[in-house]
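Q: This structure is in structure tokens; I'll ask about it shortly.
The values are calculated or read from the model by the stated rules, or taken from the named source; none is laboratory data. Not measured: the values here are computed from a predicted model. Cβ placement follows ideal geometry from the backbone for every residue including glycine, while neighbour counts extend to all protein chains displayed. The area values use the complete protein model at the heavy-atom level, side chains included, leaving out ligands, DNA and RNA. Shrake-Rupley method; radii C 1.70, N 1.55, O 1.52, S 1.80 Å.
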Amino acid sequence: MATISMRNVLNGGGVNRIAAPTTRSKGVSKLAPMQSKRFSVRAEAETPKPTNAVKAVPAKPAVPAVPAVKKTSAVTYKIPEPKTFFVRPDQYGAVAGAALPFAFRLATGAFTSGYSVSFKPNDESKYSVARMGGQMVVESSAIDGFKRPAQPIVLYEFEACPFCKKVREACAILDLDVMFKPCPKDSPTFRPEAIADGGKKMFPYLKDPNTGMAMYESDDIIQYLFNEYGDGEVPLTLRLGPVTAITAGLGLLGRMGKGSKYRDAKVPEMPLQVWSYEASPFCKVVRETLVELELPHLMISCARGSPKRQQLFEEKGLFQVPYLIDPNTGVEMFESAEIVEYLEKSTAFNLGLDPGLGPGLGQGPGPGLGLGPGLGLGPGLGPCLGPGLGLGPGLGPGLGLGLGLACWVNMEEAWVEHEACF
């Protein structure tokens, strides 16, 4: 596969001017003027060769159009250029930690329902994960035979909740676009909105504008989604009860509960749009920041086998995720590390970058949370983990789980019988 430069020129010169939206926080905040910064590009990619074919958006699944853009700011950004299979050196730890769910959940959420692979003669106008010897790998699924929602499903949830993760995996398998309204702990907007609407302090909370359905309980939500937008058969990895919840929780260990607590941020006038899928570690790092800053975002789901991969390929000349579209500023960009930096600098109350994205695996505030080589965790990880929860290098012997998992992910309480976070 070859790297394909993204010719995504905005405002006639490849430079986007960023608007400063209104500020939201629990206290008074001041934002310093932003400085111009050039971003280098490094991340995962699946990059076929460019094509001169005329762009044609498939009839389904439909993707909401990007709203009109406002561009009124003195801050400039140079849009990064995608690179193939490259991780920025200071992101090794973050990406490694974000990859743990892929292993613990046996790649649930990486493939769409009915996923299959075949070989066909190479066609440069078509997306393919690999091309060789005049042949190309063609990924397909059963999605085209399923009912598609006319409007995106709305989901109130937060990243570091294992029960929310189960529902996100179901949405990825069913290739459903979702309007996420993040509800991290202490967040001032969508958490109170969900509680007022549903009457309970429980997450995930789903609202389907297509049917009028509103419901709690992750297992019930998953069954509803497969009945309404699938073939009714929930995959085994999503119907193992406590085993599903525990493995979803174990996958969060590598990121130390990131994506669970609110950080003061400015509210955008329009929701962001993110092309993403649940099992990608690069997408997870971006989602953590979106959730912590309580930024509403429409996720365009594109797991392996999704027909929307071809749509992005036709529109941009390559397929790579995450891909961010900010209709408030006109910025469109690939590359997880640079997307996080953009979100931090254009929306965060505190303009300093998230320390969990620096060297090391998910380090957090305070002494004792820095990690050594590999995944070895020292003592002092907090009372939530309890004695014996230190991890040996490479997740080897010594992985004690105990009963502190729910507390570790920074939930106030988590009750398996309710299949929800609080």
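Q: Tell me, in nm to one decimal, what length is gained between Ala214 and Asn122 on full extension, where the rule is 0.36 nm per residue of separation less the Cα-Cα distance? Each step should come with its number before you reach the end.
A: Values: separation 92, 0.36 × 92 = 33.12 nm, distance 4.55 nm.
Length difference between fully extended and current span is 28.6 nm.
Q: Can you sort Tyr115, Tyr224 by 1.4 Å-probe accessible area, starting with the largest?
A: Most to least solvent-accessible, the answer reads Tyr115, Tyr224.
Q: Once a ≥ b ≥ c are taken as the square roots of the eigenvalues of the Cα gyration tensor of the stretch 108-208, is the result rounded (a/c under 1.5), prolate (a/b larger than b/c) or oblate (a/b not larger than b/c)? Mind showing how you got there, number by number?
A: Values: a/c = 3.37, a/b = 2.77, b/c = 1.22.
Since a/c reaches 1.5 and a/b is larger than b/c, the shape of the stretch 108-208 is classed as prolate.
Q: Using a Förster distance of 35 Å, how high is the FRET efficiency between Phe86 and Ile246, based on the Cβ-Cβ distance and rounded to 0.05?
A: Result of the calculation: an efficiency of 0.55.
Q: Compute the Cα gyration tensor for the stretch 78-151, then decide on rounded, prolate or oblate, letting a ≥ b ≥ c be the square roots of its eigenvalues: rounded whenever a/c is under 1.5, prolate when a/b is larger than b/c in the other cases, and oblate in all that remain. Kindly include the intermediate steps, with their values, before the conclusion.
A: On the way: a/c = 1.77, a/b = 1.24, b/c = 1.43.
Taking the square roots of the gyration eigenvalues as a ≥ b ≥ c, the stretch 78-151 is oblate.
Q: Ranked highest first by average number of other Cβ atoms within 10 Å, how do 122-130, 286-294, 99-107, 203-211 line up?
A: Put in order of decreasing packing, that is 286-294, 203-211, 99-107, 122-130.
Q: Distances longer than 15 Å among the Cα atoms of the stretch 203-245: what percent of all pairs is that?
A: Cα-Cα pairs in the stretch 203-245 separated by more than 15 Å: 44 percent.
Q: Does a label point 7 Å from the Cα of Gln151, set along Cα-to-beta-carbon, have any residues of the stretch 297-311 with amide nitrogen under 17 Å, and which are they?
A: Within reach of a label on Gln151, which here means backbone N under 17 Å from a point 7 Å along Cα→Cβ, the stretch 297-311 contributes 297-299.
Q: Against the globular-protein guess of 2.2 N^0.38 Å, express the Cα radius of gyration of the stretch 204-275 as a ratio, rounded to two decimals.
A: Details: Rg = 15.9 Å, N = 72, 2.2 N^0.38 = 11.2 Å.
Its radius of gyration relative to the 2.2 N^0.38 Å reference: 1.42.
Q: Around Ala160, which amide H atoms from residues at least 5 apart in sequence, or from another chain, sit under 5 Å from its own amide H, with H modelled in the peptide plane?
A: Ser260
Q: Treat every Asp and Glu Cβ in the stretch 162-235 as -1 and every Lys and Arg Cβ as +1, leave all other atoms uncharged, and give the resulting dipole magnitude about the Cα centre to the nearest 20 debye.
A: Once rounded to the nearest 20, the dipole reads 500 debye.
Q: Can I ask one more? Just order 266-277, 228-239 by mean Cβ neighbour count inside 10 Å, highest at the front, would you?
A: Order by mean packing, descending: 266-277, 228-239.
Q: Next up: When a/c reaches 1.5 or more, the comparison of a/b and b/c decides; with that in mind, is the stretch 275-316 rounded, prolate or oblate per its Cα gyration tensor?
A: prolate
Q: Ok, one more. Just add up the charged neighbours of Asp177: K/R +1, D/E -1, any other residue whose Cβ is under 10 Å from the Cβ of Asp177.
A: +1
Q: By how many nm would the segment from Ala107 to Ser140 grow when fully extended, if each residue of separation counts as 0.36 nm and the alpha-carbon distance is taken off?
A: Here the segment from Ala107 to Ser140 would lengthen by 10.2 nm.
Q: Provide the per-residue ³J(HN,Hα) series for the stretch 225-230, in order, calculated from phi with Karplus coefficients 6.51, -1.76, 1.60 and θ = phi - 60°, each as a whole number of Hz, with x at glycine and proline positions.
A: 4, 6, 5, 7, 10, x
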